[in-house]
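> Please read through the structure below; I'll follow up with questions.
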Amino acid sequence: MRPNYNAFWRDFGNPLARTSLIVDPPDGRIPALTAAAEARLDAEAADRRTRGPADSPDTYEDLSPWTRCISRGWHGIGSWYSSNYQIFQVPGYVIVFQELIHEPRIIPLDGRPHLPGSIRLWMGDSRGRWEGATLVVETSNFSAKTNFRGSRDTLRLTERYTRTDVDTIDYRFTVNDPHTFTRPWTAVRPMTRIDIEERRSIFEYACHEGNYSMEGILAGARAAERTRR
C-alpha cells in the first residue's frame, strides 16, 4: 500500500523505550483539570455548539490559528510532521526556530525583566539564563488565543536544555498553570541532532502560499447547511 500525501512530511524519528514522556507526576499522566478549567472548557464547547456541528465551521474563528497559518504556538512535545528545530546562539541571545510555520523564539540572556502583563504574544515572552551547562528558559505573557491542552494566558513555562553529548540535548519542560491544572507537570524528551546535508533538514513552510483550506472548509460548511434546510 502506498502512503498518502501527508506521509511524505512525517518525521518518524526513533522510538523511545518509555511508556510516557511525563516524569512528574510519577504516574506519567497529565494532572487533572481544575474545576474552573473544566467549567471554562465546557462553556467554550457549549458556545461552539450554538454555531452548528464540530465538522461545520460557522466562521474562520472556529478554525485553529494553525489552519489559518497564523501560529502553531509553543508546542514542546512536537508534532507528527515538520517537528524539527534549529537553535542558534549569538552574543546575549538564544533563538529557537520552529519548523512549523517558521516561528522563531528570540530569548534574551541579559537578565532583563519580562514584558508588562498587558503585552501578550502567541509564543509567550521568554527570558533565559545559564545554570551550569543547562539553559533555563522561563516563558510567560502568552496570548489568551493560544491553547496548550486547555492552558492559555495563565500558562507559565520553564524549559531546560542540557547538552548530554555532541548529538543530543536533554530537553524537559514544566507546565505551571494553577488556573488550569491541579498541579505542575514535567515532560522530558531528547533532541537528536540531524545532519543538515540529509533530506531530513528544515523544510520551507509555505503555509499561506496556495493555502485554500480555510476557503474550502467554510465553503463546504455553507454547502452542507444548504442541503440540511
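Nothing in this text is a laboratory measurement; each read-out follows from the coordinates by a stated rule. Remember, predicted model here, so these are calculated numbers, not experimental data. Cβ atoms come from the backbone with ideal geometry, glycine included; neighbour counts cover every protein chain shown.
> Using the charge dipole of the chain (Lys, Arg: +1 at Cβ; Asp, Glu: -1 at Cβ; taken about the Cα centre), state which of I87, P104, S64 has its Cα farthest towards the positive end.
The listed residue farthest towards the positive side: S64.
> Hey, of (1) 8; (2) 32; (3) 25, which did the structure itself give for percent of Cα pairs over 33 Å apart when calculated?
Correct label is (3).
> About the Cα centre, and with charges only on the beta carbon of Lys, Arg (+1) and Asp, Glu (-1), how big is the dipole of the chain? Nearest 20 debye, please.
Working: 31 positive and 30 negative charges, 97 e Å.
Rounded to the nearest 20 debye, it is 460 debye.
> Right, next: In the chain, once you exclude exposed chymotrypsin sites (Phe, Trp or Tyr not before Pro) (DSSP loop, at most 12 other Cβ within 10 angstrom), what's the longest stretch remaining?
On the way: sites that count: F12, W80, Y212.
Result for the longest clean stretch: 81-211.
> Taking the chain as a Gaussian network, where each spring joins two C-alpha atoms under 10 Å apart, which residue of P116, P104, P25 fluctuates the most?
P116
> Kindly state, to the nearest 0.05, the FRET efficiency for A133 paired with S79, given R0 = 25 Å and r defined as their beta-carbon distance. Could you put the intermediate results ahead of the total?
On the way: r = 28 Å, r/R0 = 1.12.
It comes to 0.35.
> Dipole of the range 8-86 (Lys/Arg Cβ +1, Asp/Glu Cβ -1, origin at the Cα centre): which of A54, L41, T19 lies farthest to the positive side?
Going by the Cα projections, it comes out as T19.
> Now, a different point. Roughly how tilted is helix 35-49, in degrees to the nearest 10 and between 0 and 90, from the longest Cα axis of the chain?
40 degrees
> Do any GluC sites (Glu not before Pro) in the range 124-221 lie in a DSSP loop with no more than 12 other beta carbon atoms within 10 Å, and if so, which? Please list the in-between numbers first.
Working: sites: E131, E138, E159, E197, E198, E204, E209, E215; in loops: E197, E198, E204, E209.
Those that pass, being in a loop and sparsely packed, are E197, E198, E204, E209.
> Right, here's the next one. Given a 10 angstrom Cα cut-off, can you work out which residue in H102, H208, H75 is the most mobile in a GNM of the chain?
Answer for the Gaussian network model of the chain: H208.
> Could you work out how far helix 213-228 tilts from the main Cα principal axis of the chain, as a 0 to 90 degree angle to the nearest 10?
Approximately 30 degrees, to the nearest ten.
> Once the Cβ-Cβ distance between T192 and A32 is put in as r, and R0 is 22 Å, what FRET efficiency do you end up with, to the nearest 0.05?
On the way: r = 32 Å, r/R0 = 1.46.
Rounded to the nearest 0.05, the efficiency is 0.10.
> May I ask you to derive the relative contact order of the range 46-180, considering only C-alpha pairs under 8 Å and at least 6 residues apart, and to give it as an integer percent?
Details: 224 pairs, mean separation 18.1, N = 135.
13 percent.
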